[in-house]
Amino acid sequence: MKKEDLRIVYMGTPDFAVEALRQLVEGGYNVVGVITMPDKPAGRGHKIQYSPVKQYALERNLPLLQPEKLKDEAFVEALREWKADLQIVVAFRMLPEVVWNMPRLGTFNLHASLLPQYRGAAPINWAVINGDTETGITTFFLKHEIDTGEVIQQVRVPIADTDNVEVVHDKLMMLGGELVLETVDAILNGTVKPIPQEEMAVVGELRPAPKIFKDTCRIDWNQPVKKVYDFIRGLSPYPAAWSELVASENEAVVVKIFETEKMYESHQLSAGTVVTDGKKYIKVAVPDGFVSILSLQLPGKKRLKTDELLRGYRLADGCKMK
């Protein structure tokens, strides 16, 4: 079968999922339909916002479905009418068996980790938060348990000590698009030899990648320098690590922190103590040194470099981050 004859249904929602879809369409593959999340209101005006995948699908006039429930009979019937040979899932939702088991060649997923490591919703964030020096992308066939299906292909990607989650995300997004095409070609050519995840070598314990909530993003200044540094870059620029700045008894504001530097030195200050000259630098004490803050954001304000913020915000030496 030629790639133009292979009927593909593509499922995805965020920016990460657009690149693989774009490469499929521009590569001449036969995408017969796209499935994405329903539209939802966003921002202060609660305007209806289309997902990035929907925006791309509309630009290319691709048939589109946006089911509320994936087991809904009307949706399942509409999906069946597309007569897909293969389904591809990138950053979407957990599929019921009636959906993933429909195409004759199966359904495969692109996951942003080196499975079986980091099964879950936020693999890129957790790899950076945990200070990993390597991550990757994996294509695997779907089965009942989430992120546990047989692995088709993997690509390994280094994580630099200065990379934040946005940098790693963009690397994996571009490579993910290429890996999806390679996986489709391998399925077409009959050269796929999927490997059960339980047979794959893993160094150390498996690490989960649970969904990240606001409370997850609060900084613990009792952690060592490297832990705090990795935590902040693993959440930068979105959803962003935060801390409560207690400038006086009557004033506490939530501060988002995006960029820091590690400073190893001994001191007698309690964790969370702020050291600043009020003009150029802010550093926060942790047990084995300081975390120097390079860019941050106050409520209702834009993100600023530390010296820019200090020009318009008085901050006293010795106040606290909690």
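The values are calculated or read from the model by the stated rules, or taken from the named source; none is laboratory data. None of the values given here were measured: they were computed from a predicted structure. All Cβ positions, glycine included, derive from the backbone under ideal geometry; neighbour counts span all protein chains shown. With ligands, DNA and RNA removed, areas are computed over all heavy atoms of the protein, side chains included. Shrake-Rupley method; radii C 1.70, N 1.55, O 1.52, S 1.80 Å.
With R₀ fixed at 22 Å, the C-beta to C-beta distance from Leu294 to Phe213 puts the FRET efficiency at about 0.30.
Given the stretch 214-321, report the % of alpha carbon pairs whose separation exceeds 19 Å. Don't skip to the end; give the middle numbers.
Working: 2095 of 5778 pairs.
Result for the distance tail: 36 percent.
Can you give the direction-averaged projected area of the convex hull of the alpha-carbon atoms in the stretch 276-322, in nm²? Don't jump to the answer; show the numbers that get you there.
Values: hull surface 13.7 nm².
Taking a quarter of the hull surface, the average projection is 3.4 nm².
Taken one residue at a time, the phi angles of the stretch 175-191 give Karplus couplings (6.51, -1.76, 1.60, θ = phi - 60°) of 5, x, x, 5, 5, 4, 5, 4, 5, 4, 4, 5, 5, 4, 7, x, 9 Hz. Gly and Pro are set to x.
In this label model, Glu81 and Arg104 are separated by 2.2 nm, measuring between points 7 Å along each Cα→Cβ vector. Of all lysines in the structure, the ones whose alpha carbon falls short of 18 Å from that of Lys2, not counting any fewer than 8 places away in one chain, are Lys83. What are the aspartates and glutamates whose alpha-carbon lies under 17 Å from the alpha-carbon of Lys193, with same-chain residues fewer than 8 places away excluded? Reachable aspartates and glutamates: Glu150, Glu182, Asp185. Build a GNM of the chain with springs between Cα atoms under 10 Å apart, and of Val167, Val203, Val31 the one that fluctuates most is Val203. Distance between the pseudo-spin-label points of Ala186 and Asp277 (7 Å out from Cα toward the beta carbon): 5.5 nm. Full extension of the chain between Leu269 and Arg93 yields a length gain of 58.7 nm, computed as 0.36 nm times the residue separation minus the alpha carbon distance. With contacts taken as Cα pairs under 8 Å at a separation of at least 6 residues, the stretch 92-182 carries a relative contact order of 28 percent. Each peptide in 121-130, 275-284, 213-222 was scored by the mean count of other Cβ atoms within 10 Å over its residues; highest first, the order is 121-130, 275-284, 213-222. For the options Gln223, Gln153, Gln117, a Gaussian network treatment of the chain with springs between C-alpha atoms closer than 10 Å singles out Gln223 as fluctuating the most.
Whenever you get a sec, compute what percent of the accessible area on the stretch 214-321 sits on carbon and sulfur atoms (1.4 Å probe).
Values: 2780 of 5730 Å².
It is 49 percent, rounded to a whole number.
If you find the alpha carbon centre of the stretch 245-294 and of the stretch 184-206, how far apart are they in angstrom? Cα centroid of the stretch 245-294 versus Cα centroid of the stretch 184-206: 45 Å apart. Working from label points 7 Å from Cα in the Cα-to-Cβ sense, the Val203 to Gln49 distance is 3.9 nm. With the convex hull drawn over the C-alpha atoms of the stretch 161-245, the volume per residue is 153 Å³. Just the protein heavy atoms count here, and of the accessible area of the stretch 3-199 at 1.4 Å, carbon and sulfur take up 50 percent. Average projection, convex hull of the Cα set of the chain: 18.9 square nanometres. For the stretch 186-225, the residues whose backbone nitrogen is under 20 Å from a point 7 Å from the Cα of Glu134, taken along Cα to Cβ, are 195-209.
Working from the alpha-carbon coordinates of the stretch 10-160, get Rg over Rh, Rh being the Kirkwood radius.
Details: Rg = 16.0 Å, Rh = 16.4 Å.
Over the Cα atoms of the stretch 10-160, Rg/Rh equals 0.97.
Using the structure shown, select from Lys211/Lys322; Lys280/Lys320; Lys280/Lys322; Lys47/Lys227; Lys54/Lys305 the pairs with a Cα to Cα distance greater than 27 angstrom. Walk me through the numbers before you get to the answer.
On the way: Lys211/Lys322 23 Å; Lys280/Lys320 18 Å; Lys280/Lys322 22 Å; Lys47/Lys227 38 Å; Lys54/Lys305 35 Å.
Going by Cα-Cα distance, Lys47/Lys227; Lys54/Lys305 fall outside the 27 Å limit.
Take the chain with all the other protein chains still there, run a 1.4 Å probe, and you get 51 Å² of accessible area per residue. Measuring nothing but how far apart in sequence close Cα pairs (under 8 Å, 6+ apart) lie, relative to its length, the chain scores a relative contact order of 13 percent.
Taking every DSSP bridge with both residues inside the stretch 3-199, close to 50 percent are antiparallel. Placing +1 on the Cβ of every Lys and Arg and -1 on the Cβ of every Asp and Glu, with no other charges, gives the chain a dipole of roughly 900 debye about its Cα centre.
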